[in-house]
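The values are calculated or read from the model by the stated rules, or taken from the named source; none is laboratory data. As the structure is a prediction and not an experimental result, all values here were calculated from the model. When we count neighbours, we look across all protein chains shown, and the Cβ atoms used for this are built from the backbone with ideal geometry, even at glycine.
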Amino acid sequence: MPLWLFVFLAALAVLAALGVVLQRNPVHCLMALVVVLLDLAVMFIGLGAVTVGFLQAIVYVGAIMVLFLFVIWLLNLQTEERRVAGSIGLRFFGAVGAAALVAELCVFVVKAPSTAGLSHVPPTFGSIGAIAEALFTDYLIAFEATSLLLLVAVIGAVALARRATASRTRSPVPVSPAVHEQIGARQ
Amino acid sequence: MMSVPPSWFMALGALLFAIGAAGVLIRRNVIVMLMAIELMLNAVNLTFIALSRSLGSIDGQVIVLFVITVAAAEAATGLAIIIAAFRNRETVNADELNLMRW
Amino acid sequence: MAVDLVIAAIRAVVMLLLVLNLSAILLWFERKGSALIQDRIGANRAAILGVGARLGLPNLGIVNTLLADPIKMFTKEDFVPAGADHFLHGLAPFLALFPVLVTFAVIPIGDTVTIGAHTFDLVAADFNDAALYVLASIGIGVYGIALGGWASNNRWALLGGIRASAQMISYEIAMGLAIVAVVATYGTLSLQAIVREQGGVWFGWLPRWGIILQPIAFLLLFTAGMAESKRVPFDLPESESELVAGYFTEYSGGKQAVFMLTDFAEVALVAMLVTTFFFGGWQVPWLYRDGFHLPGGALVSIPYWAVVVLGVVAFWIKTIFFCWLQILIRWTLPRFRYDQLMRFGWKLLVPIGLLNLIVTAVVVVMAGS
């Protein structure tokens, strides 16, 4: 990956990540996160992980983020007001924690051997065939366990998100206004 | 054409992780907190991919695939929990979701 | 190096212009086609200084669509409703159009061409993971529609946006299963390679097109593709009788034109994907690099450049045929109900797609061993 591309993508990723954290409208946060995810997908492709990069775009951007969007709409979340006081401690802890992470990062950047280049890899590196070969041999058990996890998650999500009252009181059958009037007249 | 050293990618990953961690701590909207968690997961993914490239090993990419799958499961369950909580409490503010029962 | 860059740029620009023009012509095509089906005359009010009538031509309706409609649309007021999210409202149409247009980059329209020392395929961008790229960009296309509905601050538009995104996500799965089955059959993700695999014949006369190996995947991809382009019978997101105009209710002028262009670009995209995966792309039956090898054993040899030209023409004929088929279906069928739509997608197309994929995988493994 050429240097200018890395600088551009990195700057965009950091800006969008700040957008996720700092914007007050959840939909805007979500769009910023979509930008980060696509940005990272391009970086993955630049680093030779072509399949993973495309899968990131398909699964993360095309499915998971749309699910977030649905939930934001379902709950009808509006722009938040400015935060009220009450969690000063958490905010302090957040600032200190983030500062510690950034400090650690600075040490890391200074100390890390920045001249370490990228190793030479065969042209099929990161192709779907190479991934599949690893996935279905060395990682077969993990793969099957993940599929089970997904199934459990789907069932769990359906069980959690359906109306809890649905089993006890059946939702009323929709009746036309005319029927309502008849019932009213009888009473 | 100058190639970028892998440590730069890891530095970017660490920075994104820090932003995501700060987001989880300073935001009180549960959905945005989940988004910040996704951000942290992706920062780690970037590190995996950069190291996979630098070591010439495919394992990092396979693990990223697992992370994406688990993130899908996590988002589905997490959002379902948020919907269930919102039904009962009419809020997505983490500070107000402070009772274990209602 | 510089020449290669210029060639790459020309390939991209030519493909883009071809697609944009095809979309605009499809708009006229649909107006005249619907008029034909409904026994009307259709777009008939364009005649530059009466040229059409003077020459005795029936009309010059195509001029209406290609010239007058864009001028009309782009000079109208660009209305933004009160309380709308200005930034996303403006961005949404382009967010919808962009992923569709970039998908065309991987669709091969012709065989290899050699100009001087430069040899290249007639495809804007030929790379190995093209099928994944198609799925990725179709997946990203949801956002423009969804945000257009949300940012309009209008209940009808929001309902349309929600319906559209739910529908597109549901049918993406069937579409993905169909494409994966084709990819498993040919063992490659590159569309150009898939088209090349479809050259040649079986039994001496039957073209080796994908439709013969994967007829179920063809039905899946075509149906799901039509659902992706959100047109009747799958036009729940913009159903006029329920939602005014759905997600683009609050759009006018140029931005609405961009949404319409997206619709027709999607029609063209579905036609091209079907052509590429199942109808041999630019392959002409019995045509090889040196000429026609007719079933009887006769050889009609023609120069290579004519073979390439014939391939490009064949690709466009097939594409326009499937555009026509979609327009015919769009003006023939009534609209689904929402629960019917979801049941059709999840309980019919997805299980069929999974079954097809399993059978394909078993056959591929058996044939390989």
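Annotations
- If the condition is being in contact (Cβ under 8 Å) with a residue 24 or more places away in the chain and closer than 16 Å to A:VAL71 by Cα, then segment B:31-49 contributes B:ILE31, B:MET33, B:LEU34, B:GLU38.
- Taken over segment C:244-281, residues that are outside any helix (DSSP H, G or I) and more than 19 Å from C:VAL183 (Cβ to Cβ) amount to 6.
Yes or no, residue by residue, for (1) in contact (Cβ under 8 Å) with a residue 60 or more places away in the chain; (2) out of contact with any Phe, Trp or Tyr (no Cβ under 9 Å at 6 or more places or on another chain); (3) exposed (fewer than 13 other Cβ atoms within 10 Å of the Cβ); (4) under 30 Å from C:THR188 (Cβ atoms):
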site: C:ALA68; (1), (2), (3), (4): no, yes, no, no
site: C:ILE71; (1), (2), (3), (4): no, yes, yes, no
site: C:LEU95; (1), (2), (3), (4): no, no, no, no
site: C:PHE98; (1), (2), (3), (4): no, yes, no, yes
site: C:VAL102; (1), (2), (3), (4): no, no, no, yes
site: C:ALA105; (1), (2), (3), (4): yes, no, no, yes
site: C:ASP111; (1), (2), (3), (4): yes, no, no, yes
site: C:THR119; (1), (2), (3), (4): no, yes, yes, yes
site: C:ASP126; (1), (2), (3), (4): yes, no, no, yes
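- Flag if C:VAL300 is within 22 Å of C:THR112 (Cβ to Cβ) and in contact (Cβ under 8 Å) with a residue 60 or more places away in the chain: no
- Screening the candidates C:GLY246, C:GLY254, C:GLY225, C:GLY199 for the property of being at negative phi and either crowded, with 23+ Cβ neighbours inside 10 Å or touching a Lys or Arg at 6+ places or on another chain (Cβ under 6 Å) (or both) yields one hit, C:GLY225.
- A single member of C:ILE179, C:ILE169, C:ILE211 is among the β-branched types (Val, Ile, Thr), within 26 Å of C:ALA245 (Cα to Cα) and within 18 Å of the chain's Cα centre (by Cα), and it is C:ILE169.
- Of residues in segment B:51-68 being facing chain A (nearest Cβ under 7 Å) and not in a helix (DSSP H, G or I), the one modelled with the highest pLDDT: B:ILE58
- Looking across B:ALA71, B:ALA80, one residue alone is facing chain A (nearest Cβ under 7 Å), at pLDDT 85 or above and under 20 Å from A:ALA32 (Cβ atoms). It is B:ALA71.
- Counting only residues that are at the interface with chain A (Cβ under 9 Å from one of its Cβ atoms), touching a residue at least 12 places away in the same chain (Cβ under 8 Å) and either within 11 Å of B:VAL30 (Cβ to Cβ) or not in a helix (DSSP H, G or I) (or both), segment B:83-93 holds 2 of them.
- Residue within segment A:10-22 that is within 22 Å of B:ALA18 (Cα to Cα), surrounded by fewer than 23 Cβ atoms within 10 Å (Cβ to Cβ) and within 14 Å of chain C (Cβ to nearest Cβ) present: yes
- C:ASN44 satisfies every condition listed in (1) crowded, with 16+ Cβ neighbours inside 10 Å; (2) in a loop (DSSP other than H, G, I, E, B); (3) at pLDDT 75 or above except (3).
- Test: residue in segment B:21-32 that is surrounded by fewer than 19 Cβ atoms within 10 Å (Cβ to Cβ), part of a helix (DSSP H, G or I) and of a type outside the set (A, V, I, L, M, F, W, C): no
- Restricting attention to segment C:97-125, the residues that are over 16 Å from the mean Cα position of the chain (by Cα) and farther than 22 Å from A:LEU38 by Cβ total 13.
- Among residues of segment C:156-204 being part of a helix (DSSP H, G or I) and of a type in the set (Phe, Trp, Tyr), the one that is nearest to C:MET226 (Cα to Cα) is C:TYR171.
- Reported count of residues in segment C:216-237, each being in a helix (DSSP H, G or I), modelled with pLDDT under 85 and among the hydrophobic types (A, V, I, L, M, F, W, C), is 1.
Residue by residue, here is whether (1) within 10 Å of another protein chain (Cβ to nearest Cβ); (2) surrounded by fewer than 20 Cβ atoms within 10 Å (Cβ to Cβ); (3) over 12 Å from A:ALA63 (Cα atoms); (4) at pLDDT below 85 holds:
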site: C:VAL123; (1), (2), (3), (4): no, no, yes, yes
site: C:TYR143; (1), (2), (3), (4): yes, no, no, no
site: C:SER152; (1), (2), (3), (4): no, no, yes, yes
site: C:VAL182; (1), (2), (3), (4): no, no, yes, no
site: C:TYR186; (1), (2), (3), (4): no, no, yes, no
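- Selection from segment C:232-278 of residues that are among the hydroxyl-bearing types (Ser, Thr, Tyr) and without any contact (Cβ under 8 Å) to a residue 40 or more places away in the chain: C:SER241
- Residue, surrounded by the fewest Cβ atoms within 10 Å (Cβ to Cβ), within segment B:33-50, restricted to residues that are within 7 Å of chain A (Cβ to nearest Cβ) and among the hydrophobic types (A, V, I, L, M, F, W, C): B:LEU46
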